[in-house]
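See below for the structure under consideration.
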Amino acid sequence: MPCHRRRRRGGSRAVSEEVGYEALRQALARRPQALEPAECHGHLCGWLAASPRRDPGAWMGAAAPGEDEAGEGLLRRLYAETEAALEDPSLRFYPLLPPEAAPLPQRAAALGQWCHGFLEGLAHGGLRQDQTLPEPVREALRDYSEISRLGHQGSGEQDEAAFTEILEYVRMAALLIYEELRPLREGRAPEGATVH
């Protein structure tokens with residue numbers, strides 16, 4: 001796995017400001033059955049990792065059903081920019097979360113939602129529970145499941161440092177899962193796959 005890099009000040013730049021967290025929150029608010037912003041982005045990342053179909057409309061139907069044109073345009077752009085970030089060899093991908101100025105408990109809750117969304121996105125993208133997967137992927141998915149259930153109330157420097165470390169792990173694990181599942185998206189068995 002590539003070396004860890006600390007998150008830049010000012011939040012994620014894996015997507016443009018026009019499709020950032022607040023813009024996504026506003027677009028999803030017009031779609032009553034849509035997921036929360038972080039969960040929606042996690043769902044998209046899981047979908048992209050698992051699904052051989054590159055169809056933004058199918059993903060939107062699962063994660064953010066609705067009819068408004070402005071929201072659809074933003075979601076299509078989010079889809080394209082997220083896919084490009086996951087494919088980028090410079091590792092510019094980051095989970096889409098509230099800005100660093102937001103209270104730590106809010107960001108931690110959003111990270112849990114992101115992980116939950118990622119797991120749901122894998123399932124909606126076609127990954128089966130009985131699917132054979134490489135051990136690093138299975139381990140990361142177990143960790144995502146745990147992170148999705150964690151609560152967080154602290155806000156001190158140590159809590160911030162712990163959150164940053166977990167966020168970096170989640171980020172790198174998403175890139176690993178995306179790459180390890182590439183053969184599956186292409187109709188081949190992933191290398192090192194074992195029955196679980």
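The values are calculated or read from the model by the stated rules, or taken from the named source; none is laboratory data. Owing to the predicted nature of the structure, the values given are computational and were not obtained by experimental measurement. In this analysis, Cβ positions are derived from the backbone assuming ideal geometry, glycine residues included, and neighbour counts consider all displayed protein chains.
Of 162, 123, which residue is over 21 Å from residue 188 (Cα atoms) and either surrounded by 17 or more Cβ atoms within 10 Å (Cβ to Cβ) or not hydroxyl-bearing (Ser, Thr, Tyr) (or both)? Full working, then the answer.
Details: 123 fails: over 21 Å from residue 188 (Cα atoms).
After ruling out the rest, the residue left standing is 162.
Taking segment 167-196 as the search range and keeping residues that are of a type in the set (Val, Ile, Thr) and surrounded by fewer than 18 Cβ atoms within 10 Å (Cβ to Cβ), which one is modelled with the highest pLDDT?
Only one residue fits best here, namely 194.
Taking segment 51-74, which residues are touching a Gly at 6+ places or on another chain (Cβ under 9 Å) and either buried (at least 20 other Cβ atoms within 10 Å of the Cβ) or at pLDDT 95 or above (or both)?
51, 59, 60, 63, 64, listed by residue number.
Right, residue 96: surrounded by 15 or more Cβ atoms within 10 Å (Cβ to Cβ), of a type in the set (A, V, I, L, M) and part of a loop (DSSP other than H, G, I, E, B) or not?
The answer is yes for residue 96.
Would you check which residues across segment 101-141 are touching a strand residue (DSSP E or B) at 6+ places or on another chain (Cβ under 9 Å) and part of a loop (DSSP other than H, G, I, E, B) and list them?
The answer is 127, 131, 132.
Need the failing condition index for residue 118 against (1) surrounded by 15 or more Cβ atoms within 10 Å (Cβ to Cβ); (2) modelled with pLDDT under 95; (3) within 19 Å of residue 177 (Cβ to Cβ), just the number.
Against the list (1) surrounded by 15 or more Cβ atoms within 10 Å (Cβ to Cβ); (2) modelled with pLDDT under 95; (3) within 19 Å of residue 177 (Cβ to Cβ), residue 118 comes up short only on (2).
Anything in segment 142-168 that is among the charged types (D, E, K, R) and not in a helix (DSSP H, G or I)? List them, or say none. Write out each step before concluding.
From segment 142-168, those among the charged types (D, E, K, R) are 142-143, 146, 149, 157, 159-160, 165, 168; that's our starting set.
Listed by number, the list is empty, since nothing qualifies.
Report, by residue number, each residue of segment 15-50 that is touching a Phe, Trp or Tyr at 6+ places or on another chain (Cβ under 8 Å) and either surrounded by fewer than 20 Cβ atoms within 10 Å (Cβ to Cβ) or closer than 13 Å to residue 120 by Cα (or both).
38, 39, 41, 42, 43, 44, 45, 46, 47, 48, 49
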